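**Q** First the structure, then my questions, so here it is.
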Amino acid sequence: MRGRTRWRFARAAAGPQPDRPLGDWLKEPLRPWAEDFLSRQRLRDGGWFDAALVRRRWEAHLSGRRDSAYAIWALLMFQAWLDGIHDTVSHAA
């Protein structure tokens, strides 16, 4: 019973599961949001990543040449986190 409860908690904490693969979500409904975070200018301004490399991976993913969904998702989450940090700092000032 204890293991089953942990499993249910983990599923609930993970939130709703998408009805299609993450890569498809990035190519379609989330694409405008992802394009904003993965723009060359934004990546250069952030200074954390090689903008040209990230753009090549993103374009390869979009074309279907390479499935980089999880690597791209990690980059997007980091970029979104940075965006939140910058907003918090600018509002505190």
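The values are calculated or read from the model by the stated rules, or taken from the named source; none is laboratory data. This structure is a prediction, so every number in the text was calculated from the model and none was measured. Counting neighbours? That spans all protein chains shown, and the Cβs are built from the backbone with ideal geometry, glycine included.
**Q** Of the conditions (1) loosely packed, with under 12 Cβ neighbours inside 10 Å; (2) at pLDDT 95 or above, Ile72 clears all except one; give me its number.
**A** Among (1) loosely packed, with under 12 Cβ neighbours inside 10 Å; (2) at pLDDT 95 or above, Ile72 violates only (1).
**Q** Can I ask one more? So how many residues does the range 34-67 have that are in contact (Cβ under 8 Å) with a residue 24 or more places away in the chain and either part of a loop (DSSP other than H, G, I, E, B) or loosely packed, with under 14 Cβ neighbours inside 10 Å (or both)?
**A** 4
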